[in-house]
1. Name the long-range amide H neighbours of S196: under 5 Å, sequence gap of 5 or more, or other chain; modelled H, no Pro or chain starts.
2. Excluding same-chain residues fewer than 8 positions from K622, which lysines have a Cα within less than 19 Å of its Cα?
3. So what is the calculated 222 nm ellipticity per residue for the chain, using -39500 (n - 2.57) for each DSSP H run with n of 4 or more, over all residues, to the nearest 500 deg cm²/dmol?
4. Show the residues, 5+ positions off or on another chain, whose built amide H is closer than 5 Å to the amide H of K108.
5. Between S180 and A660, what length in nm is gained on full extension when 0.36 nm per residue of separation is reduced by their alpha carbon distance?
6. State the dimensionless ratio Rg/Rh of segment 397-597 (Rg: radius of gyration of Cα atoms; Rh: Kirkwood radius).
7. With a/c under 1.5 counting as rounded, go ahead and sort segment 296-359 into rounded, prolate or oblate using the C-alpha gyration tensor (a ≥ b ≥ c being the square roots of the eigenvalues; past the cut-off, prolate if a/b is larger than b/c, else oblate).
8. For segment 606-668, take N as its residue count and report Rg(C-alpha) divided by 2.2 N^0.38 Å.
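Every number here is computed from the coordinates shown, using simple stated rules; none is lab data. Model, not experiment: these values are computed from the prediction. Because the Cβ atoms are built from the backbone with ideal geometry, glycine has one as well, and the counts that use them run over all protein chains shown.
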Amino acid sequence: MSTFFYGGDYNPDQWSDEIVDLDLELFKKANINIVTLPVFSWAKFQSSDTEYHFEWFDKIINKITASGLNICMATSTAVQPAWMSHKYPEILPVDFEGRKRAFGGRVKFCPNSEIYREFASKLVTKLVERYGNNKNIKLWHVGNEYDNWCYCPKCQSEFRNWLKEKYSTLDELNRVWYTSFWGHTFYSWDEIVAPSGLSEMWNDNGRVRTNFQSISLDYARFMSDSILDCYKLEYKIIKDRFPQIPVTTNFMGFFKPLNYFKWAEFIDVISWDSYPGVGEPYFLTSMRHDLMRSLKKDRPFLLMEQTPSQTNWAPYNSCKRPGDLKLQSFQAIAHGSDSVMFFQLRRSVGACEKLHSGVIDHVGHGETRVFRECTELGDVLNKLGSQITGSIMENKTAIIFDWENWWALEYSSGPSTELFYLNEIEKYYNALHKTGAGIDFVTPDSDLSQYSLVVAPCLYLISNRNGRNIETYVKNGGKFVTSFMSGVVNETDLAYLGGYPGPLSNVLGIWVEEFDSLPKGKFNTGIPTSSFLDREYKCEMVFDIIHTLNAQSLAIYGNDYYKDLPVITKNIFGSGDAYYIGSSFEQDGIDSIIRKLSPGSDLNIEVFGNVETTLRKNSMDKLLFLLNHDECKNKIDLKNNQFQNLQTLEKHSGQLELNAKDVMVLRLLNE
Ligand SMILES: [Zn+2]
C-alpha cells in the first residue's frame, strides 16, 4: 500500500439513492479513499432460511466502485436477523447471571451455536462469491468488535469437550483444578458446569470473583477460543477463494474477554477502534496503540475506527477541539498505523448513534468545522502517505503483558480487591513513555533478545518454561524488572511450593515470605539504601515481605513490622540484572526507578513540555514523529541531527518550535 487508507464505516443501507450520490461527492471532496461496509446488514441480506437479497447492495457497491473508492468489505455477521433469533432461539446467548437473552443489541449470539455458525458461513460464502472479484476490495472485515461470552447449555457441553481435549482424564483435571478443595472432586465430565453467577462466581461491585480460579481461568481461555473459532470460520471462507486479500477484525485495545495475542496469529493485519476518554492523559492512547501494534510487530496496524468529533456513550461527550483530530490521527500513525478511519462517515438519523458524530453531519453538506478538518487531514495524509506507510518500529524496551495473567490476577481471592493489572501496567508504561523510549508489548514466551529492558509488572501467573525464558534473557545481558505478586502461580493457577516468586526466584535472587495488604489511603514508604532511588517514595496496597538470597537491597520499608526489610532489590545474574519492586509505588517513585533503567529514545534529541516522540523505520529512512500535546508552543532540541520535514521539505537541526497541538514528521538525514 502506498497511501494511507482514509475513510471509515458507511451504512448506505440507511440512506436513499440521492443521499448516497451526494455522499460519494462529499467523500471525494474530503479526500476519502476507502469505505467500510456493510457491517450490520445481515437482516437486509437474508429474510428467511432460504431467501437472500443482494440487489440493493449490488447497486451501492457498483456506485462505490465506479467512484474509484477502495472497499473494506465487511461480512455483516455481528448481528443475526431478528427472525433467525426468533426461529432458532438456541442462537441467543445466556448471560453470566444465567438469563437467556432475547433479541436485541449487537454481537449477541452464542459463539458455539451451530445454527449461527452455519448461517454465518452461508452468508459469507455468498458475499465472497458475489463480490470477491471486485478489484476495489482491499481488505475484508470479519464481524465487528467481538464480545460475546456465553453460559448456555451448548457452551457448557462444548466446555466439557474442550477440557477433555486439554486434560484427557478426569484425574488430571481434578489435580490441576485442585478439586480436593471444598469437596469438588468430579467423577464424570457431565458434572462440570460453566463457572458463572449460578455456580462458582459472583459480581462484587463490578469486580467478578470466583471460588475456583482454575475453573474460571479455563472458561476464559475456552470463551476466547470459542469466539475465535467463529472468526476463523469466516477467515477460511475468504482466504480459500482470495488468499491475497488481507483479512482483519476490529479489536478494542486492552479488552479483557479476548486474548488478542492468541487471535493475532489468525489475522493478516491488526486493526482496532480507538476512542480516547474525554480528558484522559494522552499516554493511555499511545499505550493502546502500542499494544495493538505489538500483536504483529513486524508490520503496521490499521486504525479502523475513531470518531471525527464526539462519541455518544460517555457521561459527557465533548467535541474534539480544533486540532485534536489531526493530533490524535497522527498519534496513531506515529505508533505504527497505516490508516486513519472513522466511525462514521455519515451520522445516522435514529437509534443510539444518532448523536455520535460523522464526517458528514445531519445538516448534510460539507460546510462544517468537522468536515473541513477531515478534508484538510485527508489532504495531508495523501501527500505524506507513500513516505510513511509500510514503515515499522524497532524498540529496545518491552512490557510483558499477558491476558492469562490478567484473568488469573484479577480472579485471585486476595490480597486486595484494589489490585488491577492494568493500573500497574499503566504506571510502568507512563514512566517508560516519559523517557522517550519506544515500547513494545510482548508475552512471557516471546523472544526477548532484541530488548535492553523488559518490564513485567505483577507477573502473578507464570509457567516454569516462561520463567526459564526470562532467566535466559537476563543471563545474556538483559535488564528485567518485575513487581509485587509475581511468580505466585503456575499456568493452572496452582501456587508454587518452595517460595515465591516461583520460577523467577533464581533470577531475582530473593524469596518472598508474605504479601501484606492495607486499605486504600494507607501507605508505607520506600527508603533508599543506595543511590538507585533518589529519595523516599510512598507505596501502597500490597507489600511483599522479601528476603534477599543473592540480591542486594536498594530500598527498604520505612514502617510496620517489616520496617528495614527490602522493598526494592537488584540481582546481578549472568551478564544482566533483575530488579524486584515489592510494592505499588506512587507514580513519581516508579518514574525515578525507570529513569535509571530505560534506554530512552534512539535519537539524541531533547523535548520540552508534553511533546511526544516516536520513530518509524523502513529500509531507507528513519522517521521522527513529533506530537505537541500541549495547548502552547513547545521547544525541541534536535542537537546535531539533521532532519528534513516531510511536508515542507525544510531542513532542521538544533532548536525547533512546534505549535500548540501541532505535528511534524521529520526524516533523519545523517547518522
Ligand atoms: Zn452459548
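1. Excluding prolines and chain starts, which carry no amide H, the hits are M201.
2. List returned: K297, K383, K396, K639, K651.
3. -9500 deg cm²/dmol
4. Close amide H contacts, sequence-distant or interchain: Q80.
5. Taking 0.36 nm per residue and subtracting the Cα distance, the gain is 166.5 nm.
6. 0.92
7. Because a/c hits 1.5 or more and a/b exceeds b/c, segment 296-359 counts as prolate.
8. 1.04
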